[in-house]
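Below is one structure, written out as structure tokens; comments come after it.
The values are calculated or read from the model by the stated rules, or taken from the named source; none is laboratory data. Not measured: the values here are computed from a predicted model. Cβ atoms come from the backbone with ideal geometry, glycine included; neighbour counts cover every protein chain shown. In case anyone asks, the SASA skips ligands and DNA or RNA and just uses the protein heavy atoms, side chains included. Shrake-Rupley method; radii C 1.70, N 1.55, O 1.52, S 1.80 Å.
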Amino acid sequence: MAALSVFVLILVCCALAPVYASWAGVDPFRSTLDAVIIVNGVEQPVMELPKTGLALGFSPIGPTWQPGNYFLGADNQGRDVMARLLYGGLNSITIAGIATILTLAFATLLGLVAGFYGGLADTIISRVLDVLWAFPVYLLAISLSVVMITQGIRLGPVEIDSGSLALPIFIIGLIYIPYVARPVRGQVMSLRQSDFVMAAIGLGASPGRILRKDILPNVSTTLIVFVPIMLALNMLTESALSFLSIGVQPPNASWGTIIQDGQSLLYTRPWVALAPGIMIVLSVLSLNVFGDGLRDALDPKSRVKLGRG
């Protein structure tokens, strides 16, 4: 529960991003190169001349460690890093969460149909999943993002703009479907031969009822265990795509875009890149630990196999 508490705390803090930005009086999406703040009773420009070297150009102010007053300093456009960190986290978690729902929904549907009906349906679905499975997941994500980021997506009357958060949600939700659908298909095929399912078929129960009442409840444990795992994977994938500028597009922010913004400031203002990196590590680590504990709780046999007492 401690791991889940860490992630919930991060989620709550990110959800309060608009509250923090309003309290701090900053706009995390607008450049503020001429802003001046008060630090320890002294006025300081957000973008200041370097105090060493040739003093060429401007350097963003470092962390003030004063809540609501550029707590983590500014980036190279004079934007409050703390406010962007919270907004970026909100976008990253939102994208990962919705993509996880899409992945689980489509993977469950495909796995149920392929595993229960078999035959031609299983052959077609399995071959499509094999094609997606053949591509390295990040290579597929990057390829789709590069193609779609220039023109968006048009599906009949539905059009997704290249700058919309729905684009990375769609891409990330798509690429992980085989990784969930194949285990679900295998479990459904095993359940299809079980005594209680064969008895339901013998009594004349419809396929829809058998899938809803007998098979889906037995698959739900596997799907629940997949939730934290997929959420962590999707967050990493989204951050990687955004870092490469083919994920979340300006003026929106995510932890990946903030790391990219801080790349050029790594030696002078390291907290611009370090802060989102630490948040990604904490979020993914807490989800993985929680997912491991959830699997042990829902499948005690796994503890015996791994030698856990």
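Values for this structure:
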item: Filter result for LEU211 (under 30 Å from ASP261 (Cα atoms) and part of a helix (DSSP H, G or I)); result: no
item: From TYR179, TYR117, residue being buried (at least 17 other Cβ atoms within 10 Å of the Cβ) and out of contact with any helix residue (DSSP H, G or I) (no Cβ under 7 Å at 6 or more places or on another chain); result: TYR179
item: Total residues in segment 249-263, condition in contact with a helix residue (DSSP H, G or I) (Cβ under 9 Å, 6 or more places away or on another chain), open to solvent by 10 Å² or more (accessible area, probe 1.4 Å) and not aliphatic (A, V, I, L, M); result: 7
item: All positions within segment 17-34 that are part of a helix (DSSP H, G or I) and touching a Pro at 6+ places or on another chain (Cβ under 7 Å); result: ALA21
item: Conditions (1) at pLDDT 85 or above; (2) of a type outside the set (D, E, K, R); (3) touching a Lys or Arg at 6+ places or on another chain (Cβ under 8 Å); (4) closer than 25 Å to ARG182 by Cα; number of the one not met by PHE226; result: (3)
item: Residue that is farthest from VAL184 (Cα to Cα) [pool: residues in segment 216-248 that are open to solvent by less than 60 Å² (accessible area, probe 1.4 Å), over 15 Å from the mean Cα position of the chain (by Cα) and not hydrophobic (A, V, I, L, M, F, W, C)]; result: SER245
item: Top-ranked residue in segment 98-111 [being open to solvent by less than 20 Å² (accessible area, probe 1.4 Å) and not hydroxyl-bearing (Ser, Thr, Tyr); ranked as nearest to the chain's Cα centre (by Cα)]; result: ALA99
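Residues are listed down the side, and each one gets a yes or a no for (1) at pLDDT 90 or above; (2) assigned to a helix (DSSP H, G or I):
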position: SER126; (1), (2): yes, yes
position: MET148; (1), (2): no, yes
position: ARG154; (1), (2): no, no
position: PRO168; (1), (2): yes, yes
position: LEU174; (1), (2): yes, yes
position: TYR179; (1), (2): yes, yes
position: ARG182; (1), (2): yes, yes
